[in-house]
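Please read the structure below before turning to the comments.
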Amino acid sequence: MRASQATTRRIGMQLVREKKAAVMQEMERKGDVEKSKIVGRDLLSTLIRANMAADLAPAHRMRDEEVLAQISTFIIAGHETTASGVTWALYSLAQNPEIQEKLRAELSQVSEEAPSMDEVNALPYLDMVVKESLRFHSPVHGTMRVAATDDEIPLAQPVIDEYGKSHDTIKVQAGDYIGVDVILMNKSKALWGEDADKFRPERWEEDLNGANDIPGVYSHLMSFIGGPRACIGYRFSIIEAKALLFVLLRSFEFAPVPGQEIGIKNVIVARPFVKGQEKSLALPMIIKKVTRS
Ligand code: HEM
């Protein structure tokens, strides 16, 4: 772990130094609009540029060490989760060719190759497909919390214990671990209806029934959980996934490999593997270029 941390630090600090130098050069060349457009449109340069802004109070300025710490957040909390979410979205689309075709028809109607964020967010079927994919194949399957004090967790419906006694709450003691099962809530038939285990984006234009009560930070889903420690990057991740699907689906068709079964391995995020080849993580698919008539 120490060796890995040292590597992360060495490469991370080098990146921070390089980007900082590029941003400083860019600032010196102020007025050269074309170049400032090209230099550093990536997330780290944007962060460094914002951190060096003249109107930022010194108390709000981050030290290089603090900027470095953000890189791990982007990569671990942000990159792997979003990448796995897009992987599973493509898998669901490959398995449901009629949904894939309906989405491609919507995306193909957009005349620009690089639409704005607002234009991408306004595409209704893309929005439904992304929500359904995050519900159906949540990249994070669960998390946990530790009770800070003795408490009682209220229940939506009473449970009957092994002695036949009914309970409206569950008592917890300080230090108890509480599992938060994302999949159980994202796929509960009691909340989503009998077809909860079916990939059906159209459900998002209907009444969500009991799922309306799920206190998720995003669209009644537990994928980004809820409450004060919910995911801070969910809006970023959703527009990123939409942008990737927009580009990929307009150009390519995705189909499953016949006879191949895919399993899910939970390595912090849920990743695919081919059944029978458990050792490597992979999602082989047949990809063809879209032929426009
Ligand atoms: C599909 C993509 C994503 C999923 C499914 C996801 C999911 C989650 C979940 C479930 C948590 C709560 C973890 C816990 O407290 O146990 C979380 C927290 C967090 N996420 Fe995300 N996330 C995604 C994308 C991102 C992105 C793009 C970023 C940043 C660029 C990000 C940054 C964070 C951070 C910093 C936290 C910790 C927040 C805190 O504890 O206050 N996530 N995320």
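Derivation of every value follows stated rules applied to the coordinates shown; laboratory data play no part. The structure displayed is predicted, hence computed values, not measured ones. For neighbour counting, all protein chains shown are included, and Cβ atoms are generated from backbone atoms with ideal geometry for every residue, glycine included.
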Excluding residues fewer than 8 positions from Lys19 in its own chain, the lysines with Cα under 18 Å of it are Lys30, Lys35, Lys37
Treating only Lys and Arg (+1) and Asp and Glu (-1) as charged, each at its beta carbon, one finds that the range 42-192 has a dipole about its Cα centre, in Debye to the nearest 20, of 220 debye
Correct semi-axes for the range 90-243, from √(5λ) of the alpha-carbon gyration tensor and rounded to whole Å with the largest first, are 36, 18, 12
Mean projected area (nm²) from the convex hull of Cα positions in the range 55-178 is 15.0 nm²
The alpha-carbon pair-distance distribution computed for the range 198-277, with 10 angstrom bins and whole-percent values, is 13, 28, 41, 17, 0
Rounded to one decimal in Å, the inverse mean reciprocal Cα-Cα distance for the range 1-135, i.e. its Kirkwood radius, is 18.3 Å
Longest the chain segment clear of GluC sites (Glu not before Pro) sitting in DSSP loops (not H, G, I, E or B) with at most 13 other Cβ atoms within 10 Å runs 1-111
Of all trypsin sites (Lys or Arg not before Pro) in the range 113-199, the ones in DSSP coil with at most 13 other Cβ atoms within 10 Å are Lys165, Lys198
Computed, not fitted: 222 nm per-residue ellipticity of the chain from DSSP H runs ≥ 4 (each -39500 (n - 2.57)), nearest 500, equal to -13000 deg cm²/dmol
Taking the reciprocal of mean 1/r across every pair of different Cα atoms in the chain, the Kirkwood radius in Å is 22.4 Å
Relative contact order as a percentage, the range 1-110, C-alpha pairs under 8 Å and 6+ apart, gives 23 percent
Under the Karplus relation with 6.51, -1.76 and 1.60 and θ = phi - 60°, whole-Hz ³J(HN,Hα) for the range 51-58, x at Gly and Pro, equal 6, 9, 4, 4, 8, 8, 4, x
When the charge dipole of the range 1-132 is computed with +1 at the Cβ of Lys and Arg and -1 at the Cβ of Asp and Glu, the Cα pointing farthest to the positive end, of Val129, Leu68, Gly85, is that of Leu68
Lys pairs in the range 108-266 with Cα under 14 Å (8 or more apart in sequence, or on separate chains) total 5
Using alpha-carbon coordinates alone, the radius of gyration and Dmax of the range 253-293 in Å work out to 13.0, 43
On each of the three principal axes the extent of the alpha-carbon atoms of the range 82-128, given in whole Å and largest first, is 27, 24, 18
Expressed as a whole-number percentage, the relative contact order of the chain with C-alpha contacts under 8 angstrom and at least six residues apart is 16 percent
Computed about the Cα centre, the charge dipole of the chain from +1 Lys/Arg and -1 Asp/Glu charges at the Cβ has a magnitude in debye, to the nearest 20, of 1340 debye
Length-normalised contact order of the range 43-184, Cα under 8 Å, at least 6 apart, in percent, tallies to 20 percent
